[in-house]
Amino acid sequence: MRIDLNADVGESVGPWRMGEDELLIPLVTSVNVACGFHAGDPLTIETTIAMAGRHGVAVGAHPGYPDLVGFGRRSMRLSAAEVEAAVVYQVGAIGAFARAARTDLRHVKQHGALYNDAARSPELAAAIARAVRRISSDLVLVGLAGSCLVDEGRAAGLTVAAEAFADRAYERDGSLRSRDLPDAVHEDTRVAAEQAVEIVRAGRVRATDGTTIEVVADTICLHGDKPGAAARAAAVRSALLDAGVEVRALGA
């Protein structure tokens, strides 16, 4: 058994700090670097990629809606063409910084509302898959396990990675519980660690209504923007290793 551990990072903007990247990045195997639309700025992108390189962590792009004020967690009525162009623009920026740092860009994972919208909409998912393929067919497209984005990525001929979450609650249909509802985020390190192990070892997760749903994942996400992110990452990684799971980057 093996799994990739990924984290959303590089979400600071200028003097406004977000997350615990210095502590979190060494604990994961892949990072999703904010591209400047929902968070991040050029210098933050550059320093985050350099930090990932120092720790041997795989670098991916984390594009979202152009929504700095809402941290990319509000849906926007963009056309498929607008979404495709926005993804090309954002992934291109991360790719340029990665090349400058002599680091490979490995994958693309959408952020926030764009991630959730693409999980449900074949049209948006296909637009994102086209955008990624236009940049490089070697990039891995990461999407919610069982979602439209995974299906459309495969249809576009891309390598896809089905993603699950250690620190998010699930609904019985396999979607993530809305952050507008209580108990959407698992802040307890023990709960997050137990959920990660259950996903990898049993291919399942308990939904908010108590039902058990199937979740088969290639990568598990740990959010970097909440307090205690590094502690949760350490607990999850330790629990996986104790359970006999190899923790390794996508494609490594």
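For Tyr170, nonlocal amide neighbours, meaning residues 5 or more places apart or on other chains whose placed amide H falls under 5 Å from its own, are Arg177, Thr208. Going from the residue with the fewest nearby Cβ atoms within 10 Å to the one with the most, Ser238, Ser121, Ser137, Ser147 rank Ser137, Ser238, Ser121, Ser147. Put simply, the amide H of Gly72, placed in the peptide plane, has neighbours under 5 Å in Asp67, leaving out anything fewer than 5 places away on its chain.
Quick check on the exposure proxy: order Thr189, Thr29 from fewest to most C-beta atoms within 10 angstrom. Can you show the working numbers first?
Details: Thr189 19, Thr29 22.
Ascending Cβ contact count within 10 Å gives the list Thr189, Thr29.
One Cα centroid belongs to the range 84-145, the other to the range 175-197; the line between them spans 25 Å.
Projected onto the charge dipole of the chain (+1 at Lys/Arg Cβ, -1 at Asp/Glu Cβ, origin at the Cα centre), which of Gly60, Pro15, Leu27 gives the Cα projection farthest towards the positive end? Highest projection toward the positive end goes to Gly60.
Of Gly36, Ala202, Gly112, which is farthest along the charge dipole of the range 2-247 in the positive direction, counting Lys and Arg as +1 and Asp and Glu as -1 at C-beta? Of the listed residues, the answer is Gly36.
Across the range 71-76, coupling constants 3J(HN,Hα) worked out from phi with the 6.51/-1.76/1.60 Karplus curve, θ = phi - 60°, read 6, x, 9, 10, 5, 10 Hz, and Gly and Pro carry x.
For Val142, what charge total do you get from the other residues with a beta carbon under 12 Å from its beta carbon, if Lys and Arg give +1 and Asp and Glu give -1?
Numbers: positive: Arg106, Lys109; negative: Asp4, Asp8, Glu163, Asp218.
Every neighbour counted, the sum reads -2.
Summarising the label geometry, the points placed 7 Å from Cα in the beta-carbon direction at Asp242 and Arg172 lie 3.2 nm from one another.
Is there a quick way to get the dipole size of the range 2-247? I mean about its Cα centre, with the Cβ of Lys and Arg at +1 and of Asp and Glu at -1; what is the value in debye to the nearest 20? Write down the numbers at each step before the final one.
Values: 26 positive and 33 negative charges, 66 e Å.
Dipole of the range 2-247, to the nearest 20 debye: 320 debye.
All other residues whose Cβ lies under 11 angstrom from that of His107 are scored, Lys and Arg at +1 and Asp and Glu at -1, for a net of -3. Ordered by the number of other Cβ atoms lying within 10 Å of each residue's own Cβ, fewest first, Met51, Met1 fall into the sequence Met1, Met51.
FYI, it's all coordinate maths here, none of it is from the lab. Because the structure is a prediction, the values reported are computed rather than measured. Here the Cβ is made from the backbone with ideal geometry for all residues, glycine too, and neighbour counts use every protein chain on show.
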